[in-house]
Amino acid sequence: MMHGTALWKGTMIREHRRDILVGRLEACAGTYAGCPSHPQARHRRICDFWLEAATLTFATEAVQSCLARSRGGVALLVVLFVIMVITVTSIGFLSKSDVELACGRNMELWTEVGYTGESGLEEARGLIISPQEIDSEYWHGGDDRQIVVGGDDYYNVRIDRDDSDPTDRCNYTIDCNSYRLQGGEKVGRSNLTAQLRLDPCIAYWIGTATRMSRRITINGDMYCAGSVASCAEINGDVFSKSSISGSDIEGQSNRYVSESPVDHPGIEMADYYPNYYIGAGSYSSENIGSSVHPSGTFNPSSGNPGGIRYYAGSAELLGGVNINGMLAIDGHLRVSGVNSISAVKNFPALLVAGDLIIEPGGELDVNGLVVVEEEVQISSDGGRLDVTGALFTWTDIAETVVDSSENGNDCVINSDIAWVSTGGYSGGSALEFDGDHDYVRTSDNSTKLQLTGDYTFSVWVKPDSTQKIWAGVFSKCDIGGEYNHWTLQFNADSAKRLVIHHPSQLWDTGITLSEIAGAWHHIVVVRSGTTMTSYLDGDLRASGALSNDPGSGVGHLNIGADRTASYSYLYKGLINDVRIYNAAADPNHIYPPDGNLIGHWRLDESGCDVDITAAPCKTALMRWSSEGFAEKWEQAGGAFFRSIIRRR
């Protein structure tokens with residue numbers, strides 16, 4: 001009886017366990033029954049198999065349970081449990097394999113779409129450097145662009161220039177969204193945000209050695225084919241074939257470079273006059289017809305889409321001239337009054353075959369490329385040049401001092417002479433010479449500033465107490481500085497006497513450094529016949545004979561230097577109001593000047609103002625040949641990504 005009860009209980013337990021196992025297997029088998037395409041559907045097939053096996057096993061067990069001992073039933077359950085563990089482990093392995101396979105395919109998609117986005121960034125970079133074929137000033141981007149036309153991968157690009165700093169026009173933000181189009185849906189998206197900087201970007205290019213004034217500001221990079229001695233503010237890198245010195249250079253000083261990072265544009269008058277080309281079309285420039293450009297606003301036309309205005313010879317802008325196009329002057333260009341030039345896309349703004357001369361109070365604002373074949377001269381008496389684009393010149397930017405006698409003996413300031421705003425003899429400004437590099441020079445001439453007999457010199461000086469031997473207050477000499485025509489300078493003895501030096505003789509004025517150092521004094525020297533007379537602050541100081549006549553011929557005048565203008569003989573201190581008369585004037589009648597005044601330099605100006613800001617979108621050129629071939633030029637020598645951020 002007890003044996004039958006135990007058998008019955010064992011049978012009931014086995015049936016209960018069978019029901020639990022079968023129920024779990026049925027639940028497992030039905031989990032993915034509604035999704036046959038799901039990767040886990042294979043789990044259902046495994047569960048179906050084990051469901052059938054479990055059902056058959058328990059059916060067999062029910063028959064055998066009446067005949068077998070309970071130990072055999074326990075062993076069978078252990079076997080079934082092991083089989084279950086193996087099955088569950090297999091299901092997990094298969095599930096993990098499916099997930100890894102799916103992840104691998106997604107990574108491949110994202111990688112390929114990411115490459116498409118990077119290609120979009122490179123396209124944007126190229127079109128920002130070379131914007132000639134873009135209708136707008138720079139490329140703003142586009143939608144649904146493809147590397148391979150007809151493929152499934154696309155990208156959208158958005159470009160914004162950072163104009164928050166008007167002196168830095170070389171930074172851009174690029175957003176690129178790439179994707180793959182499958183079944184009308186965008187999949188595998190990749191978003192890139194990049195910061196691009198044009199570099200190097202040459203704002204100022206000069207074909208010779210230079211000494212740069214503190215009144216020059218360069219916003220961008222600079223190249224010089226010689227040495228650079230700069231007191232200018234340079235907000236960028238400097239590239240030089242020789243040495244570089246300067247305390248206000250923000251970027252890197254790249255010395256002894258073999259070549260410029262950006263070539264000279266190499267444009268010529270013949271490229272734009274009398275005809276020029278755009279694609280297959282031929283157009284004609286407008287000949288100004290007068291050396292004085294008329295005032296008014298001038299725009300491009302259908303027959304002259306470049307808006308090119310040309311003059312064969314030297315010309316003047318007298319103010320009120322506003323050109324939306326290009327000005328081409330086959331000679332010197334003088335600028336007075338306020339004027340502006342804004343280039344048409346793919347054309348330069350200004351091409352000058354000679355000097356560009358900004359007169360006192362003259363202002364020239366240029367948007368675009370400026371190319372000057374000779375020198376840029378800017379008056380220290382309020383002259384201003386503002387270029388948003390680039391300036392390329394073969395010689396230099398020279399600050400000038402105007403000859404107020406109106407005889408045309410304008411001087412060029414060498415180096416970085418400081419203007420002292422309230423330090424002049426009458427309370428105004430004055431020119432301060434440092435005794436190391438500073439002096440002022442006229443151009444060489446064979447007819448101007450010629451003295452052969454009587455003359456009068458008048459100058460205000462405030463010399464430093466320490467002067468070099470033979471330091472020159474002013475000196476008229478030959479082209480090479482080998483001999484004096486007429487010179488006022490300190491001599492070499494310990495008293496440092498002021499002397500007049502003719503070609504082969506000198507005369508002592510009787511004025512020594514110790515009695516004039518550190519304060520303003522008026523010095524006058526008069527020659528009448530062979531008699532020399534000197535005056536200090538209106539009082540007679542010395543009188544005597546000098547038989548040797550002043551020299552004459554081709555030469556120039558140095559102010560603040562002797563005839564050699566070498567470091568060893570430069571004057572240190574302030575100078576005002578230099579006057580040269582070709583007659584023996586009464587020292588009491590020097591002011592106001594009379595008709596015998598042949599040279600007058602006030603040296604009381606405030607200085608010039610030069611600002612050059614790189615703007616590569618405004619300077620890019622495209623020149624077409626008559627055969628329809630295009631040649632491009634850009635002021636940017638390259639670009640780099642400062643940062644790239646990737647998002648999905």
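The values are calculated or read from the model by the stated rules, or taken from the named source; none is laboratory data. The model shown is predicted, which means the values in this text are computed figures rather than measured ones. Cβ sites come from the backbone with ideal geometry, for glycine too, and all protein chains shown count toward neighbours. Each accessible area value is taken on the protein alone, full model and side chains, heavy atoms only, with ligands, DNA and RNA left out. Shrake-Rupley method; radii C 1.70, N 1.55, O 1.52, S 1.80 Å.
Data table
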{"quantity": "The range 165-205 and the range 544-568: distance between their alpha carbon centers, rounded to Å", "calculated": "63"}
{"quantity": "For the range 222-236, Karplus couplings with θ = phi - 60° (6.51, -1.76, 1.60), whole Hz, Gly/Pro x", "calculated": "9, 10, 9, 7, x, 7, 10, 10, 10, 10, 6, 8, 10, 8, x"}
{"quantity": "Burial ranking of peptide ranges 211-217, 113-119 (average Cβ count within 10 Å, highest at the top)", "calculated": "211-217, 113-119"}
{"quantity": "Å² per residue, accessible surface of the range 152-287 at 1.4 Å", "calculated": "43"}
{"quantity": "Residue-span extension gain [Ser295 to Asn322] - 0.36 nm each, minus C-alpha spacing", "calculated": "9.0 nm"}
{"quantity": "Distance (nanometres) between label positions extended 7 Å along Cα→Cβ at Thr208 and Ser302", "calculated": "4.7"}
{"quantity": "Heavy-atom accessible area per residue - the range 452-526, 1.4 Å, Å²", "calculated": "34"}
{"quantity": "Out-of-range pairs (alpha-carbon distance over 22 Å; input Lys496/Lys572; Lys448/Lys496; Lys241/Lys468; Lys448/Lys476; Lys476/Lys496)", "calculated": "Lys448/Lys496; Lys241/Lys468"}
{"quantity": "Computed lengthening from Asp586 to Ala270, 0.36 nm per intervening residue step minus Cα-Cα distance", "calculated": "108.1 nm"}
{"quantity": "Sequence-distant residues sharing a close amide H with Glu316 (under 5 Å, placed H)", "calculated": "Val292, His293, Arg334"}
{"quantity": "Summed side-chain charge close to Tyr277 - residues other than Tyr277 whose Cβ falls under 12 Å, Lys, Arg +1, Asp, Glu -1", "calculated": "-2"}
{"quantity": "Glu631, Glu406, ranked by accessible area, largest first (probe 1.4 Å)", "calculated": "Glu406, Glu631"}
{"quantity": "Centre separation in Å (Cα based) which lies between the range 451-492 and the range 510-524", "calculated": "14"}
{"quantity": "Point-charge dipole on Cβ atoms (K/R +1, D/E -1) for the range 131-199, about Cα centre, debye to 20", "calculated": "320"}
{"quantity": "Val554-Ile469 FRET efficiency (beta carbon distance; Förster radius 22 Å; 0.05 resolution)", "calculated": "0.20"}
{"quantity": "Those aspartates and glutamates that a straight Cα-Cα span of less than 14 Å connects to Lys632, excepting residues fewer than 8 apart in one chain", "calculated": "Glu133, Asp263, Asp271"}
{"quantity": "Share of carbon and sulfur in the accessible heavy-atom surface of the range 350-463 [1.4 Å probe, %]", "calculated": "40"}
{"quantity": "Separation in nanometres of the label points that stand 7 Å from Cα toward Cβ, at Glu250 and Trp394", "calculated": "3.2"}
{"quantity": "Efficiency of FRET from Cβ geometry, Thr422 and Asn191, R₀ 51 Å, rounded to 0.05", "calculated": "0.30"}
{"quantity": "Solvent-accessible area, 1.4 Å probe, carbon plus sulfur percent, for the range 114-243", "calculated": "42"}
{"quantity": "Length-normalised contact order of the range 275-399 in % [C-alpha pairs under 8 Å, at least 6 apart]", "calculated": "16"}
{"quantity": "Long-range amide H partners of Ala584 with built H, under 5 Å", "calculated": "Tyr455"}
{"quantity": "Dipole magnitude of the range 423-469, debye to nearest 20 (Cβ charges: Lys/Arg +1, Asp/Glu -1, about Cα centre)", "calculated": "160"}
{"quantity": "Label point distance in nm, Ser568-Asp160, each placed 7 Å from Cα along Cα→Cβ", "calculated": "6.3"}
